[in-house]
Amino acid sequence: MNTTAYAQSTLSPPDAAISGAPRVRLKRVSASQQIRALLRDRIIGMEILPGQNLARAEIAADYGVSLTPVRDAMLMLEEEGLLVILPQSRTLVSKIDVAQARETQLLRIALEIEVGKRVAMQADPAVLDGLSRLLEDQRAALAGNDLARFAALDRAFHRAIFVAAGVEPLSELIAGRSGHIDRLRKLDLPVPGKAPDIMAYHDRILAAIRAVDLAAVEDCLRGHLSGTLARVGDIVARHPAYF
């Protein structure tokens, strides 16, 4: 199995072509984990759309591996709810599950509010400076209309709060359940005013943490993390085929 080959994906679902995947080098270890991560990123990024078919043999050829790591990667993605594997038939990217997204939202709100309060009570200047630098980078991405970088820094800001509190595994737990809500966010981000609204919330969250205002930390995080699902009706109306 050649897991070091360069790959350029040319997947061809029956109803819409999947193209434009970046050339990547697979490392020698955990090929299934890497393929899972590569496919997940494309699914979350809405490059591979809900309802599209993924051919196992084509993916194996694209990444220069046998069918086994592709099968294992797909099983992981099925467990996460991002793929629907029909035995002896085909593998489809799942439609966005709003109910599952709401469950993940409840989990994230409950955890991140407590984590944010812990970071506030620690009052660590180095942590606050690090969060501030992340927001300055995100502000620059917004000014440059670089939504991909803006979204990456959004995720980095929230992850940094968990890291600062010493509970990074909880951030990974949430991330592993966030496939459906992340796709909703991807569809919502380009809406006019959405990115500036995220930026404003991040500024308020950091200000509340600096002030050790625990009530404000909770209010800001609750409002921020509820934003996308508060607009889910509009998102579904704009993209009905994805649900």
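Couple of notes before you dig in:
- All distinct Cα pairs of the stretch 144-219 go into the 1/r average, and the inverse of that average, the Kirkwood radius, is 13.7 Å.
- Packing order of peptides 227-235, 151-159, highest average first: 151-159, 227-235 (average count of other Cβ atoms within 10 Å over each peptide's residues).
- Kirkwood-based Rg to Rh ratio, the stretch 51-170, C-alpha trace: 1.11
- Dipole axis of the stretch 150-243 (+1 Lys, Arg; -1 Asp, Glu on Cβ), positive-most option in G227, A160, L187: L187
- When a 1.4 Å probe is rolled over the protein heavy atoms, the share of accessible surface on the chain that falls to carbon and sulfur comes to 54 percent.
- Legend: helices of the chain (whole DSSP H runs) are marked when their alpha-carbon atoms reach 15 angstrom or more along the helix axis and their mean Kyte-Doolittle hydropathy is at least -1.0; marked are 31-44, 67-80, 98-122, 125-143, 147-164, 194-210, 214-225.
- Computed over the chain, relative contact order equals 21 percent, with contacts defined as Cα pairs under 8 Å that lie 6+ residues apart.
- Shape category assigned to the stretch 96-141 from the gyration tensor of Cα positions, a/c cut at 1.5: oblate
- Ellipsoid equivalent to the chain - semi-axes via the Cα gyration tensor, in Å: 34, 20, 17
- Surface accessible to a 1.4 Å probe, per residue, for the residues of the chain, Å²: 48
- Stokes-Einstein diffusion for the stretch 113-243, with the hydrodynamic radius set to the Kirkwood value over Cα pairs and evaluated at 10 °C in a medium of 1.306 mPa s, equals 103 µm²/s.
- For the stretch 129-159 and the stretch 192-207, distance of Cα centres in Å: 11
- Charge dipole of the stretch 170-216 (Cα centre as origin; +1 on each Lys and Arg Cβ, -1 on each Asp and Glu Cβ, all else neutral): 120 debye, rounded to the nearest 20.
The values are calculated or read from the model by the stated rules, or taken from the named source; none is laboratory data. Computed from a prediction, not measured in an experiment: that's the story for all the values here. When we count neighbours, we look across all protein chains shown, and the Cβ atoms used for this are built from the backbone with ideal geometry, even at glycine. Please note that ligands, DNA and RNA were not included when accessible areas were found on the heavy atoms of the full protein model with its side chains. Shrake-Rupley method; radii C 1.70, N 1.55, O 1.52, S 1.80 Å.
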